[in-house]
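The values are calculated or read from the model by the stated rules, or taken from the named source; none is laboratory data. All values reported here derive from a predicted model rather than from experimental measurement. Methodologically, a virtual Cβ is constructed for each residue, glycine included, from the backbone with ideal geometry; neighbour enumeration extends over all protein chains shown.
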């Protein structure tokens, strides 16, 4: 099941369940699981499609509403959502994921650090996204452990990227858990600074893991971009660029974030999303397109 939103549909805020347990990355247990965001029938056309892969696991925070709210603030007038409805399942994308139907697609992995096969974004999910991008789409993919879960063989420092991360996200060399130095715990806070020559140059944004995650810190990844891409944000404390990377190739655009950007203060996060949305191009949609979307609710 999936849920859809529009400018005239009330946005229900994410609720936190008062009890229950979930696994943490280091094996500890947490008593603060999130109620998964309720999903219903989705729009077959919308300005933005927001999908999350937390494996139907209540121990991982569902950040869907943070991104819905940010894109509404950026001018999106209709937003559809989808997710994984069973553990280790595939993302239940709508039937026709094309740039005409969804000018922007957002995929989130939140704090999902599971690295078993099928525990994060699957090859089948990446195939849907690849086909979507080939239609001229725009993709924002955010997840500090996307690489660990989807491509565990790329785990480690300075590992060459290949497949979907390279061909579509524009990642050439990947660095995982750049600020994690065991036995010390991973950092609870981080600072990202705008890279030279792109949208966020000279900006500095503070991130707080406790504001978004249920029981996790920052295990952030960074990457060196391919020639068609560039760095958007650097990870200040780790002294490495490429915490966020953009790419433009073959008629599509992508932004990949190896750290959770919604951990920024709300105003900063919304400004980042609005800038990315403007670079993608279709926010807000033309009035004619909005009329077709509204007709779905008559």
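Data for the structure
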| read-out | value |
| --- | --- |
| Test set (1) part of a loop (DSSP other than H, G, I, E, B); (2) out of contact with any helix residue (DSSP H, G or I) (no Cβ under 6 Å at 6 or more places or on another chain) - residue 49 fails condition number | (1) |
| Inter-residue pairs, beta-carbon under 7 Å, first at negative phi and without any contact (Cβ under 8 Å) to a residue 24 or more places away in the chain and in the stretch 133-157, second assigned to a strand (DSSP E or B) and surrounded by 20 or more Cβ atoms within 10 Å (Cβ to Cβ), 6+ apart | 154/174; 157/175 |
| Some residue of the stretch 134-150 being surrounded by fewer than 18 Cβ atoms within 10 Å (Cβ to Cβ), in contact with a helix residue (DSSP H, G or I) (Cβ under 9 Å, 6 or more places away or on another chain) and modelled with pLDDT of 90 or more | no |
| Qualifying residue in the stretch 70-86 (condition: surrounded by 24 or more Cβ atoms within 10 Å (Cβ to Cβ), modelled with pLDDT of 90 or more and assigned to a loop (DSSP other than H, G, I, E, B)) | yes |
| Filter result (surrounded by fewer than 18 Cβ atoms within 10 Å (Cβ to Cβ) and within 21 Å of residue 227 (Cα to Cα)) within the stretch 173-189 | 173 |
| Evaluation of residue 170 against (1) buried (at least 17 other Cβ atoms within 10 Å of the Cβ); (2) in contact with a strand residue (DSSP E or B) (Cβ under 9 Å, 6 or more places away or on another chain); (3) on the phi < 0 side of the Ramachandran plot; (4) modelled with pLDDT of 95 or more (one fails), failing number | (3) |
| Counted residues, the stretch 226-263 - those being surrounded by fewer than 23 Cβ atoms within 10 Å (Cβ to Cβ) and assigned to a loop (DSSP other than H, G, I, E, B) | 9 |
| Residues (closer than 19 Å to residue 138 by Cα and touching a helix residue (DSSP H, G or I) at 6+ places or on another chain (Cβ under 6 Å)) located in the stretch 196-244 | 199 |
| So residue 223, is it in contact with a strand residue (DSSP E or B) (Cβ under 7 Å, 6 or more places away or on another chain), within 21 Å of residue 107 (Cα to Cα) and surrounded by 21 or more Cβ atoms within 10 Å (Cβ to Cβ) | yes |
